[in-house]
Amino acid sequence: MFYQDLVGQPFAARDLRSLKLGISGKPDCLIRTADGIVPVELKKSKRPPARGEVYPNHMIQNLAYCALVEEQLGERVPYGLVIYAGRQVRRVEFTDSNRRWLMHTIAALQAARLRKQAKRNHNQRGRCSGCGVRDKCDQALR
């Protein structure tokens, strides 16, 4: 491990930014493996999805970290990890298909910001309260 965004840890974290993609972020950890660099995201959720899956919002966040690491550090990223409640490790493959999904999602978010409106795709107040486009959303759950 050579990067951590966790309080009291010995490795300093920094924002990773991509002007090309229009995104930025700070993974919780970066681990160097024989296959390349692996971004790790730690989630507090005690109820991870069934069958070894990853919640879509956690998956897209981890894929964004994969893209940021590749671009900013210039090294291969084969996959990322999402760890639920410190125990359930889930792998997010950085495949061509997942790259396309990431690019499509980034484009959709950028378009929603330009339109100054967003369409809610869930019925969860907690997700609305932490949403980055809540101020532009006329469908926010309050």
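The values are calculated or read from the model by the stated rules, or taken from the named source; none is laboratory data. As the structure is a computational prediction, the values presented were derived from the model and not from experiment. Glycine also receives a Cβ, built like all others from the backbone with ideal geometry; neighbour counts cover every protein chain displayed.
Results, tabulated for the structure shown:
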item: The range 14-59: number of residues that are on the phi < 0 side of the Ramachandran plot, in a loop (DSSP other than H, G, I, E, B), surrounded by fewer than 19 Cβ atoms within 10 Å (Cβ to Cβ) and among the charged types (D, E, K, R); result: 9
item: Qualifying positions in the range 90-121 - in a helix (DSSP H, G or I) and among the charged types (D, E, K, R); result: Asp96, Arg99, Arg100, Arg113, Arg115
item: Residue match in the range 31-38 (condition: in contact with a strand residue (DSSP E or B) (Cβ under 8 Å, 6 or more places away or on another chain), modelled with pLDDT of 90 or more and under 24 Å from Ala107 (Cβ atoms)); result: no
item: Filtered residues of the range 72-93 (kept if of a type outside the set (Gly, Ala, Ser), under 15 Å from Ile23 (Cβ atoms) and modelled with pLDDT of 95 or more); result: Val77
item: All positions within the range 128-142 that are within 18 Å of the chain's Cα centre (by Cα) and not in a helix (DSSP H, G or I); result: Gly130, Cys131, Gly132, Val133
item: The range 119-140 residues that are over 18 Å from Pro56 (Cα atoms), paired with ones that are outside any loop (DSSP other than H, G, I, E, B) (beta carbon under 8 Å, 6 or more apart); result: Arg134/Cys128; Lys136/Ala112; Lys136/Arg113; Cys137/Cys128; Ala140/Cys128; Ala140/Arg134
item: Flag for Leu114 being at pLDDT below 95 and either over 13 Å from the mean Cα position of the chain (by Cα) or not β-branched (Val, Ile, Thr) (or both); result: yes
